[in-house]
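Structure incoming, see below.
The values are calculated or read from the model by the stated rules, or taken from the named source; none is laboratory data. None of these values were measured; they are calculated from a predicted model. Glycine gets a Cβ as well: all are built from the backbone with ideal geometry, and neighbour counts include every protein chain shown. Heads up: the accessible areas ignore ligands, DNA and RNA and are worked out on the full protein's heavy atoms, side chains in. Shrake-Rupley method; radii C 1.70, N 1.55, O 1.52, S 1.80 Å.
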Amino acid sequence: MDTTRNEGKVGTGTGLRIGVIGGAGWLGGALAGAMLDAGVVEPQNLSLSYRSRRPDHSPASFWTTDNQALTDRSDVVILSVRPADWTGLKVNAEGKLVISLMAGIRLSALCDRHQTTRAVRTLPNAAAEVRRSYTPWIAADGVEAADKDLVGAIFDTCGVQEEVRTEADIDYLTGLTGSGPAFPALLAEAMMLDAMRHGLDRQVAQRAVNTLIIGAGRLLEQRDDCPTDTVQTFLDYRGTTAAAIEEMREAGLDTAVSRGLTAAFQKTVSMGETS
């Protein structure tokens, strides 16, 4: 990777200056910590902004409430704010690489608002905190190969990253992977509540379900199996798990998941239309 900074190109390591607007927030802070741990940026070159309260333990050498000041001293500007708050964010990032972590905001809107042709849409999820996020991203036409290498390096620090084909892909993945642990947690909650209805103590039910979810995740990670193959293996065994799977599907599990993801996709699209 080219680590020089000339003609608008940037690379990781010494000299790269990164600013995170919303760096006091959970996601911005998690990404900042991951980049520092991986050596993508050095502490003296990392700038973070906050709105009301600066965190007590800060990984950056420069903190500010002035987002334009942060932008002026950065080569790469990461937008880690809620889409609703972005409507009031007026910063000029002309010539800089702008990376959005916001759901729904289109590349064209990012370029227009921040006066740049080098914009990237991404969507990490909550697992970035433990370096297990899946982060899809897509770049505007003005983003060069060196910029894309840098985007990959940044999001490799917090899990798995992947460039996708279209903004529609990002919109769909906002609901699927952008939700992070929410959907496994939803399943875990339902299982825990059922266990409690059958007389288990809450602490026992919680430990049992959490361990189940953690173990399943690690097994999928290590074996890299297709989920369909895993489900079919249990169905073929024709035991208690097969009975549970068939009953859940009969009750509408697949339909409920599809309806939920469709609702998330539609919400994402509507957020972009109103930005």
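Which members of the range 106-129 meet the condition of being part of a loop (DSSP other than H, G, I, E, B) and of a type in the set (A, V, I, L, M)?
L123 - this is the single residue of the range 106-129 that is part of a loop (DSSP other than H, G, I, E, B) and of a type in the set (A, V, I, L, M).
Among the residues of the range 155-185, write down those that are open to solvent by 80 Å² or more (accessible area, probe 1.4 Å), part of a helix (DSSP H, G or I) and under 27 Å from D37 (Cα atoms).
Selection gives D156 alone.
Which of the residues belonging to the range 106-131 are open to solvent by 40 Å² or more (accessible area, probe 1.4 Å), touching an Asp or Glu at 6+ places or on another chain (Cβ under 8 Å) and of a type in the set (D, E, K, R)?
R106, the sole residue that qualifies.
Still on this structure, I have one more. Identify the residue in the range 186-216 that is β-branched (V, I, T) and open to solvent by 70 Å² or more (accessible area, probe 1.4 Å) and, among all such residues, is modelled with the highest pLDDT.
Only one residue tops the list, namely T211.
Has the range 65-88 got any residue that is more than 20 Å from the chain's Cα centre (by Cα), farther than 26 Å from T117 by Cβ and part of a strand (DSSP E or B)?
no
Can I ask one more? May I ask you to list the residues in the range 89-134 that are within 21 Å of A38 (Cβ to Cβ) and more than 17 Å from the chain's Cα centre (by Cα)?
Once the filter is applied, which keeps residues that are within 21 Å of A38 (Cβ to Cβ) and more than 17 Å from the chain's Cα centre (by Cα), the range 89-134 yields only L97.
Additional query: Are there any pairs, at least 6 apart or on different chains, whose C-beta atoms fall under 9 Å, with the first in the range 18-30 and within 15 Å of T157 (Cα to Cα) and open to solvent by 10 Å² or more (accessible area, probe 1.4 Å) and the second in a strand (DSSP E or B) and small (G, A, S), and if so, which?
A30/S133
A103 versus (1) of a type outside the set (S, T, Y); (2) in a loop (DSSP other than H, G, I, E, B); (3) open to solvent by less than 10 Å² (accessible area, probe 1.4 Å): which is the lone unmet condition?
Failing condition for A103: (3).
Next up: Go through the range 65-100 residue by residue and tally those that are under 22 Å from I170 (Cα atoms), open to solvent by 30 Å² or more (accessible area, probe 1.4 Å) and among the aliphatic types (A, V, I, L, M).
The qualifying residues number 2.
Additional query: Go through the residues of the range 33-50 one by one and say whether even a single one is over 17 Å from S179 (Cα atoms), open to solvent by less than 10 Å² (accessible area, probe 1.4 Å) and aromatic (F, W, Y).
no
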